[in-house]
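K.L.:
First, the structure itself, so that you have it in front of you.
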Amino acid sequence: MQSSISFLKSNKGKTLLLLNQYLFKCNKTTHSKKYWICIERECKVFVQTDLNDQFLLITGDHNHVVNPDLIEAKLLKEKMKHRILTETTSLTQIYDQEIANTKLSEATAAQFPTVIEYRM
């Protein structure tokens, strides 16, 4: 059962694959395929894509539940970083606008960095 694939960046700028609400990091690239592993350390689910990031195969079952708060936070951080790099609007203003426009769950809001932490 393959759903839509999307991509986002990790905190270190690496590409993450988002598939069925689970995140995967690229483990290996060959001349014809990319091999992705679940970001949860003990999980043994693997995904294969071609070099054009078209889904090929998924193997295994996740041993953990989906964490929508993590995905929501990563997407919001990515959006903020993009705006910070491409706009002249102040960091504080971008942060305030994005937080106001996003319906963060309490769990995500509690984990999300403050604007002061963002500056560091």
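K.L.:
Who wins for biggest fluctuation among Lys77, Lys12, Lys25 in a Gaussian network model of the chain, springs between alpha carbons below 10 Å?
P.N.:
Maximum fluctuation in the GNM of the chain, among the listed residues, is at Lys12.
K.L.:
Something else about it: For region 5-59, rounded, prolate or oblate, judged on the Cα gyration tensor with a ≥ b ≥ c (square roots of eigenvalues), a/c < 1.5 rounded, else prolate if a/b > b/c?
P.N.:
Numbers: a/c = 1.43, a/b = 1.18, b/c = 1.22.
Note, shape of region 5-59 comes out rounded.
K.L.:
Which angle from 0 to 90°, rounded to the nearest 10, does the C-alpha axis of helix 91-101 make with the longest principal axis of the chain?
P.N.:
70 degrees
K.L.:
Okay, moving on. Under 10 Å, Cα contacts only: if you run a Gaussian network model on the chain, which one of Glu72, Glu87, Glu40 comes out with the highest mean-square fluctuation?
P.N.:
Of Glu72, Glu87, Glu40, the most mobile in the Gaussian network model is Glu87.
K.L.:
I need the shape label for region 16-109. Rule: rounded when a/c is under 1.5, else prolate if a/b > b/c, else oblate, with a, b, c from the alpha carbon gyration tensor.
P.N.:
It is oblate, given that a/c is not under 1.5 and a/b is not larger than b/c.
K.L.:
With axes computed from alpha carbons, what is the tilt in degrees of helix 68-86 against the longest principal axis of the chain, rounded to the nearest 10 within 0 to 90?
P.N.:
Its long axis makes an angle of about 60 degrees.
Only the coordinates and a few stated rules stand behind these numbers; no lab work does. All of these numbers come straight from a predicted model, not from anything done at the bench.
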